[in-house]
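Q: Take a look at the following structure, please.
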Amino acid sequence: MSQTNPIDVPFAPGTVWLVGAGPGDPGLLTLHALDALQKADVIVYDALVSDGVLALASPSAQLEFAGKRGGRPSHSQADITLRLIELARRNLRVLRLKGGDPFVFGRGGEEVKALAEAGVRFRVVPGITAGLGGLAYAGIPATSRETNQALILVAGHPAADGEDRTNWEALAAAGQPLVIYMGLSRLAEIARRLIEGGLAPETRLAILFEATMPGQKAIETTLAEARQNPPHSPGAAPALIVVGAIVALRDALLDHLLAP
């Protein structure tokens, strides 16, 4: 009796696959993501997609960079979306490759909405978001029965118009660990507002650089120290900030945790 391969999903010409590439380590790709990399005619990829992931693409695939980085000249979201539609209408197999998970601070919802409005069929392949993969590689359990029953993922940068609509004081009052994406440049202000919201100044936090990659680095500090003297990124990649009781859980793990 023959069986179909559940990994071998047809990638039809004229469609777009929106795929999460994970936080950087190619080994964290899903099998569907790997399959898409090997079938796509054109791959439109973001700045946070690692070279190791791109190396797994088919040699015949056309690679197009469409990265967006805060504070730097970037492709506009409208231009990226129009390009996806154009490529699909040329009857190509289009892989839109995003770092982490496309629906977790990845603008994936905006892109598939535009594809749907244009009549372009699409498939979404989730990826491991940096806020979970980075924590795991740093030896920080995202949840533990002894510390928390929830985990809050929050963007640290302001909205597109420059206004910060995040109620940091309310997040502090929730009493649950925070994983802050793209917030290092505003860490002093965020720390101040979290303290004003009720978190103790001695609350521990960890800042993760190059999450899941061989150069991954974790710096630990406290809210009080971060408010006065926030660390700076040693490289170009964005950092993750983890705030709360789960940071202390790594104390018992680090001596036995294998490096990425």
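Q: Send over the semi-axes of the chain's equivalent ellipsoid, whole angstrom and largest first, taken as the square roots of 5 times the C-alpha gyration tensor eigenvalues.
A: After diagonalising the Cα gyration tensor, the semi-axes are 35, 21, 16 Å.
Q: Among I80, I128, I241, whose mean-square fluctuation peaks in a Gaussian network model of the chain (Cα, cutoff 10 Å)?
A: Looking only at I80, I128, I241, the biggest GNM fluctuation is shown by I80.
Q: Counting other C-beta atoms within 10 Å, which of D25, D79 has the fewest, and how do the rest follow?
A: Least crowded to most crowded, the residues run D79, D25.
Q: May I ask what percent, to the nearest 5, of DSSP beta bridges between residues of region 16-128 are antiparallel?
A: Antiparallel: roughly 5 percent of the beta bridges in region 16-128.
Q: Divide by every residue of the chain the summed helix terms, -39500 (n - 2.57) for each DSSP H run of at least 4, and state the resulting mean residue ellipticity at 222 nm, rounded to the nearest 500 deg cm²/dmol.
A: Helix-only estimate at 222 nm: -7000 deg cm²/dmol.
Q: Something else now. Under 22 Å between alpha carbons: how many lysine pairs meet that in the chain, if sequence neighbours fewer than 8 apart on the same chain are excluded?
A: 4
Q: Can you give the direction-averaged projected area of the convex hull of the alpha-carbon atoms in region 1-51, in nm²?
A: Result: a mean projected hull area of 4.5 nm².
Q: OK, next. What is the magnitude of the charge dipole of the chain about its Cα centre, with +1 placed on the Cβ of each Lys and Arg, -1 on the Cβ of each Asp and Glu, and no other charges, expressed in debye to the nearest 20?
A: Taking the Cα centre of the chain as origin, the dipole is about 520 debye.
Q: Calculate I(q)/I(0) for region 131-256 by the Debye formula, one identical point scatterer on each C-alpha and no solvent, and give its log10 at q = 0.17, 0.18, 0.19 Å⁻¹ to two decimals.
A: -0.83, -0.94, -1.05
Q: Using 1/(1 + (r/R0)^6) with R0 = 35 angstrom and r between the beta carbons of A78 and A252, what's the FRET efficiency to the nearest 0.05?
A: Efficiency for this residue pair is about 0.10.
Q: Here's something else I'd like to know. Please report Rg over Rh for region 185-257, where both radii come from the alpha carbon positions and Rh follows the Kirkwood definition.
A: 0.98
Q: A follow-up question, please. What is the extension gain from L153 to K113, computed as 0.36 nm multiplied by their sequence separation minus the C-alpha to C-alpha distance, in nm to one decimal?
A: Gain on extension, L153 to K113, equals 12.1 nm.
Q: Among 181-190, 168-177, how do they line up from the highest to the lowest mean number of other beta-carbon atoms within 10 Å?
A: So the peptides 181-190, 168-177, ranked by packing, come out 181-190, 168-177.
Q: State whether region 16-128 is rounded, prolate or oblate according to the following rule on the C-alpha gyration tensor (a ≥ b ≥ c being the square roots of its eigenvalues): a/c under 1.5 gives rounded; otherwise a/b larger than b/c gives prolate, and the remaining case gives oblate.
A: Here region 16-128 falls in the rounded category.
Q: Separate question: Nearest 5 percent is fine: what portion of the DSSP beta bridges confined to the chain is antiparallel?
A: Among the beta bridges of the chain, antiparallel pairing accounts for roughly 45 percent.
Q: Where does the Debye-calculated log10 I(q)/I(0) of region 50-190 sit at q = 0.10, 0.16, 0.18 Å⁻¹, using only Cα point scatterers of equal weight, no solvent?
A: The computed values of log10 I(q)/I(0) come out as -0.46, -1.05, -1.22.
Q: Next question, about the same structure. Mind giving me the FRET efficiency for R192 and N91? R0 is 51 Å, r the Cβ-Cβ distance, nearest 0.05 is fine.
A: That gives a FRET efficiency of 0.45.
Just so you know, all these numbers are worked out from the coordinates, no wet-lab data involved. Computed from a predicted structure; not experimentally measured. Here the Cβ is made from the backbone with ideal geometry for all residues, glycine too, and neighbour counts use every protein chain on show.
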